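One structure is given below, encoded as C-alpha cells.
The values are calculated or read from the model by the stated rules, or taken from the named source; none is laboratory data. Predicted model only: the values in this text are computed from it and were never measured. Quick reminder, even Gly has a Cβ in these numbers, built from the backbone with ideal geometry, and neighbours come from all protein chains shown. Surface accessibility is based on the protein's heavy atoms, side chains included, excluding ligands, DNA and RNA. Shrake-Rupley method; radii C 1.70, N 1.55, O 1.52, S 1.80 Å.
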Amino acid sequence: MSIKIMEKPDSGPIETVDYVKLANGWFRPLIANRYDVVMFIQVSNSVLNVWIMESETLDSLNVSSLSLGNNTNSKYAAYLNNWELFRQ
C-alpha cells in the first residue's frame, strides 16, 4: 500500500501552519499540528492491517509518501499493529 502525503499546488493548499511549501512547489501537510496519532488501515483478502504512529513521527520522516506492507523487513514494520501506543 502506497500513501501519498504531498499535495499538488493546484489542489488548493496554501502555506499555513498546517502546510509547508516544498522547493518543488508541492505542499506537505504538517500532521502533528492537527492530530496526535495517525492510523493507516488496509483490508486485503479479508486480512486487516493497521499501522499506528504518532503524528510527530510521521512529520519527522520528511517523506512525500509511505510504502506500507506487512513484511517484517519493512522500514515501517514497527508501526504495524502498534496498539501499545494507546496504552502509554
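Across the stretch 31-73, the convex hull enclosing all Cα atoms gives 87 Å³ per residue. Surface composition of the chain: carbon plus sulfur atoms contribute 48% of the solvent-accessible area (1.4 Å probe, protein chains only, all chains present).
Ignoring ligands, DNA and RNA, how do 66, 48, 30 rank by accessible area with a 1.4 Å probe, largest first?
My answer, sorted largest first, is 48, 30, 66.
Extension gain, residue 87 to residue 23: 0.36 nm times the residue separation minus the Cα-Cα distance gives 19.2 nm. Close amide H contacts of residue 6 (hydrogens built in the peptide plane, cut-off under 5 Å, sequence separation of 5 or more or a different chain): none are found. A full extension of the chain between residue 3 and residue 32 corresponds to an added length of 8.7 nm, given 0.36 nm per residue minus the alpha carbon distance. Shown is the FRET efficiency for residue 63 and residue 43, computed with R0 = 22 Å from the Cβ-Cβ distance and rounded to the nearest 0.05: 0.40. Starting from the Kirkwood Rh over alpha-carbon pairs, what translational D in µm² s⁻¹ does the chain have by Stokes-Einstein at 4 °C and 1.567 mPa s? D = 91 µm²/s.
Computed over protein heavy atoms with a 1.4 Å probe, the accessible surface of the chain works out to 66 Å² per residue. Working note: 222 nm ellipticity from helices only, DSSP H runs with n ≥ 4, each -39,500 (n - 2.57), summed and divided by the residues of the chain, gives -2000 deg cm²/dmol to the nearest 500. Amide H to amide H, with H built 1.01 Å from N, residue 82 comes under 5 Å of 52, counting only residues 5 or more places away or on other chains.
For the chain, modelled as a GNM whose springs connect Cα atoms under 10 angstrom apart, the maximal fluctuation among 31, 41, 52 occurs at 41.
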